[in-house]
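Asks: Here's a structure for you.
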Amino acid sequence: MRAVVTGGAGFVGSRLCEVLLDGGAEVVCLDNLLTGSLGNLAHLRGRPELRFELCDVTEDLDGGQVRAALRGGVDLVLHLASPASPVDYLEHPLETLDAGSRGTRNALRLADEHGARFVLASTSEIYGDPQVHPQRESYWGNVSTVGPRSVYDEAKRFGEALTAGYRRAHGTDTGIVRIFNTYGPHMRAHDGRVVPTFVRQALAGEQLTVAGDGSQTRSLCYVDDLVEGLLAFARSGHPGPMNLGNPHELTVRQIAEDVITATRSSSSLVQVERPEDDPCLRCPDISLARAELGWEPRVAWETGLARTVAWFRELDRSAA
């Protein structure tokens, strides 16, 4: 199999590339490194089945280097390219909108031209601050179209509409997955997401900054489980949308306390102002994934957190 992974130098994308390679696939990784890093691929760069191309998917993918990389055909296009953390999409709002619109269209056109399966990595953020709990795929969401987070939420919602439109208009083999909070090695320490932020602060002996009173919830899926779900979905031919995430719900305060325990830190918690449009609840209904893919997360929170803390400790040692 020959797979194209857009955003393949990112946190999830790089792990996806690795698992594809381990499964015997050839992988073409496209990334402009706006938020991704070649360091995420460093352990893979010697593998002849991997080809990396510095490429902005919001631009035409018919350029010489990219076209040469895709010579021989494509079986699967996994479209992950987009800033995905609050820090990133608030710093790069227009690039985020472009990734969801022009980037998705270019990736869809690529899949359509090659007769390839196309998988859009959408997000639980399309549900906004939900009024239905847990969130199931039939829920249309509660999203502000003009708030600061709208650049990400609406980019993904438009990407879903565009993907569905290609399926209807061209018969393209498309699928949509909605990814819930994911964590694990290769997250950036300063990307603003709750797990790397708390781990970084705890390892440095700093206070852990809990937004508001910490009663808002998140459901955290270890990256290996997510990648397994993504590939099972890609093989299934299901059109989606389909939730992929861990239905084990935790409050933000509980996450902070668990991080302190896992790091054996003497840090304390401090409350800070909650960001605008910060969702109060986040928990996936994964009944569809269980029924259609036979998939559900297997890595327990305590296990995944321990692995993540160990990776950040090693990163700190390497930087010292």
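Asks: Across segment 301-311, which residue is nearest to residue 246 (Cα to Cα) among those that are more than 19 Å from the chain's Cα centre (by Cα) and of a type in the set (A, V, I, L, M, F, W, C)?
Replies: 306
Asks: Can you work out which of the residues in segment 133-172 that are under 20 Å from the mean Cα position of the chain (by Cα) and of a type in the set (Ser, Thr, Tyr) is surrounded by the fewest Cβ atoms within 10 Å (Cβ to Cβ)?
Replies: Among those that are under 20 Å from the mean Cα position of the chain (by Cα) and of a type in the set (Ser, Thr, Tyr), it is 150.
Asks: Also, quick follow-up: Inside segment 201-245, can you point out the residues that are part of a loop (DSSP other than H, G, I, E, B) and charged (D, E, K, R)?
Replies: 206, 213
Asks: Still on this model: Search segment 79-132 for residues being of a type in the set (S, T, N, Q) and in a helix (DSSP H, G or I), and hand back the single one that is surrounded by the most Cβ atoms within 10 Å (Cβ to Cβ).
Replies: Result: 104.
Asks: When you go through (1) modelled with pLDDT under 95; (2) surrounded by 14 or more Cβ atoms within 10 Å (Cβ to Cβ) one by one for residue 243, which number turns out not to apply?
Replies: Of the numbered conditions (1) modelled with pLDDT under 95; (2) surrounded by 14 or more Cβ atoms within 10 Å (Cβ to Cβ), the odd one out for residue 243 is (1).
Asks: Among the numbered conditions (1) within 30 Å of residue 239 (Cα to Cα); (2) at pLDDT 95 or above; (3) charged (D, E, K, R), tell me where residue 278 comes up short.
Replies: Only one criterion in (1) within 30 Å of residue 239 (Cα to Cα); (2) at pLDDT 95 or above; (3) charged (D, E, K, R) is unmet by residue 278, namely (2).
Asks: Taking the conditions exactly as written (touching a Gly at 6+ places or on another chain (Cβ under 8 Å) and hydroxyl-bearing (Ser, Thr, Tyr)), does residue 303 satisfy them or not?
Replies: no
Asks: Select from segment 267-312 the residues that are in contact with a Pro (Cβ under 9 Å, 6 or more places away or on another chain) and assigned to a strand (DSSP E or B) and list them in ascending order.
Replies: 284, the sole residue that qualifies.
The values are calculated or read from the model by the stated rules, or taken from the named source; none is laboratory data. What you see is a predicted model, and the numbers here were worked out from it, not measured in a lab. Cβ coordinates were reconstructed from backbone atoms using ideal geometry, including for glycine residues, and neighbour counts include every protein chain displayed.
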